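The values are calculated or read from the model by the stated rules, or taken from the named source; none is laboratory data. What you are looking at is a predicted structure, and each value in this text was computed from that prediction instead of being measured. FYI the Cβ positions are ideal-geometry reconstructions off the backbone, even for glycines, and counts take in every protein chain you see. Only protein heavy atoms, including side chains, enter the accessible area calculation; ligands, DNA and RNA are left aside. Shrake-Rupley method; radii C 1.70, N 1.55, O 1.52, S 1.80 Å.
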Amino acid sequence: MIVERDVVVVGGGPAGLTAAARLASAGLTVTILDEQPELGGQYYRRPAPEVARRWGDHRREGGELIAEARAAGVECRPGHLVWGLADDGRTLLAEDAAGSPVRLRGRAIVLATGAYERAFPFPGWQLPGVTTPGFAQHLAASDHTPVGERVVLAGSGPFLLPVACSLLALGVKVAGIAEAGTPYRLGRRALGALRHPARLRELAGYVARLARARVPIWQGTVVLRADGRDRVSAVTLAAAARPGLAVRTVEVDALCVGYGFRPQTDLARMLGCEVVTDAATGDAIPVTDAAGRSSRPDVYVVGEAAGIGGAHLAKARGLAAAHAILTRETGHPTPPAEARALARLGHFTALTDALYPSPAQLLDLLLPALPDSTLACRCESVTVGEIRAEATGDVNAAKARTRAGMGPCQGRVCGFAVAGLAGGDTVFPARVPVRPVRISTLLELAAEGETA
Ligand SMILES: Cc1cc2nc3c(=O)[nH]c(=O)nc-3n(C[C@H](O)[C@H](O)[C@H](O)COP(=O)(O)OP(=O)(O)OC[C@H]3O[C@@H](n4cnc5c(N)ncnc54)[C@H](O)[C@@H]3O)c2cc1C
């Protein structure tokens, strides 16, 4: 049986929830799906019930937005992974939490699939205790659990600061933050931030909190390697200007390394939406207009899936797409105030992009010093040297010959580095299923005469 709706929204984060609530409150039939056990996405990830009871909800507005969507009549389907597309090119194929197939068709599809963290390998990153800042943030916010007692955060991007502050709030000793760029050195570029007083206050709050806790921010510093026997026990850092030369070694029991976020565009590409490669980030970005309309008239791409910009921009994009769909459905115009908010938030994103090293610059910085013996693809245990040996400028050829990117993460973790090593395209093509699904789901679907 195919579930028919006016609008199907994939992704229950700030963007998807905002769009769904607006559309349902205007009387359209809307279903929202999310692979996570609860709606909220990354920014509004729900705290575990016992955590909420004991320490409260760290993002109350997230719970309010979910309640608003439910109250507006949105059919909410958490625990549903959208993994494929039926032959008609319109029907989405999903798997529910029980492992049963679900087929949904919408007159409009809103893809609000968010982002994933940009990782880069280094010797020792496979050690237990080495994670991403996003994982540490979720553990802290949703489970009130510290990722370690003595932690170093490293990589690049504004996200390292709130994560460090979340860890401090749990009593963790944050030994330092290694930022590959030099964004916090006051300069002409930073002056643009004066146009965003609210974000500037947020940044100043993080910096003041870190200063009070005497957390050093080592700018222009990168990870050289992580060491340890059963788990990470030390991290060695190098100056970004000389990434192969050690400048300090810090004892830790956890290390969180991340280089910002990459848009999750697998479904947009699977649906045949036009994507372009962003020159600065190397990311595949769906081509959309300000309202999120993609090259497919029935598909809208919003939130971080349309380009990294943070939770506030994600919500504004969700709203803009909802208005575009309503305009299409009912002729309601897009309120000018929202168009202005979208532009302002877009400017802030451009500013942060300018302050931190671009992924292309990071690759130039980090790749040369990367030893051949380093594991590049942890899923398939493929080394940097094996990929270098297959570097023909075609990332898919490197994948086919080495199996790098063929594991459970489908290249989400290793893709950035593998593309940098192999050359050519920067993301692997979207393949169905976009995530591992149960065989039973495929068998049940086949029994219903459906093929993907
Ligand atoms: C690990 C991580 C932690 C982050 N933490 C913060 C933070 O603390 N503060 C902050 O400001 N920003 C954080 N961000 C940035 C975050 O991307 C934005 O703040 C914001 O959540 C983006 O909203 P969104 O609605 O576009 O996407 P998201 O909030 O990412 O929501 C997208 C949802 O879609 C789901 N989804 C994706 N593909 C499918 C599929 N095929 N089928 C079903 N469901 C699917 C995802 O699981 C997710 O729940 C984090 C990002 C990541 C990756």
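Taking Leu33 as the residue in question, decide whether it is out of contact with any Gly (no Cβ under 7 Å at 6 or more places or on another chain), part of a helix (DSSP H, G or I), at pLDDT 95 or above and surrounded by 17 or more Cβ atoms within 10 Å (Cβ to Cβ). In short, no. Taken across the range 253-264, residues that are within 20 Å of the chain's Cα centre (by Cα) and among the small types (Gly, Ala, Ser) do occur, with at least one present.
Restricted to the range 1-21, and to residues there that are at pLDDT below 95 and out of contact with any Lys or Arg (no Cβ under 6 Å at 6 or more places or on another chain), the residue that is farthest from the ligand (Cβ to nearest atom) is Met1. When we screen Gly157, Gly134, Gly106, Gly84 for residues that are touching a residue at least 40 places away in the same chain (Cβ under 8 Å) and in a loop (DSSP other than H, G, I, E, B), the only hit is Gly157. Taking the conditions exactly as written (in contact (Cβ under 8 Å) with a residue 60 or more places away in the chain, away from the ligand (no atom under 14 Å from the Cβ), assigned to a loop (DSSP other than H, G, I, E, B) and open to solvent by less than 10 Å² (accessible area, probe 1.4 Å)), does Pro121 satisfy them or not? Considered against the rule, which asks whether it is in contact (Cβ under 8 Å) with a residue 60 or more places away in the chain, away from the ligand (no atom under 14 Å from the Cβ), assigned to a loop (DSSP other than H, G, I, E, B) and open to solvent by less than 10 Å² (accessible area, probe 1.4 Å), Pro121 comes out as yes.
Please give the strands (runs of 3 or more DSSP E) falling wholly within the range 232-275 in which 2 or more residues are within 16 Å of the ligand (Cβ to nearest atom). Qualifying strands (runs of 3 or more DSSP E): 254-258, 261-263. Open to solvent by less than 30 Å² (accessible area, probe 1.4 Å) and either within 14 Å of the ligand (Cβ to nearest atom) or over 19 Å from Leu313 (Cα atoms) (or both): does that describe Ala71? The answer is no for Ala71. Evaluation of Leu194 against the conditions (1) modelled with pLDDT of 95 or more; (2) more than 14 Å from the ligand (Cβ to nearest atom) shows that the sole unmet condition is (1).
Answer yes or no: is there a residue in the range 17-25 that is free of Cβ contacts under 8 Å to residues at least 12 places away in the same chain, over 16 Å from Gly106 (Cα atoms) and assigned by TED's automatic domain parsing to the domain that holds Ala322. Show your work before the answer.
Residues of the range 17-25 free of Cβ contacts under 8 Å to residues at least 12 places away in the same chain: none.
No, the range 17-25 contains no residue that is free of Cβ contacts under 8 Å to residues at least 12 places away in the same chain, over 16 Å from Gly106 (Cα atoms) and assigned by TED's automatic domain parsing to the domain that holds Ala322.
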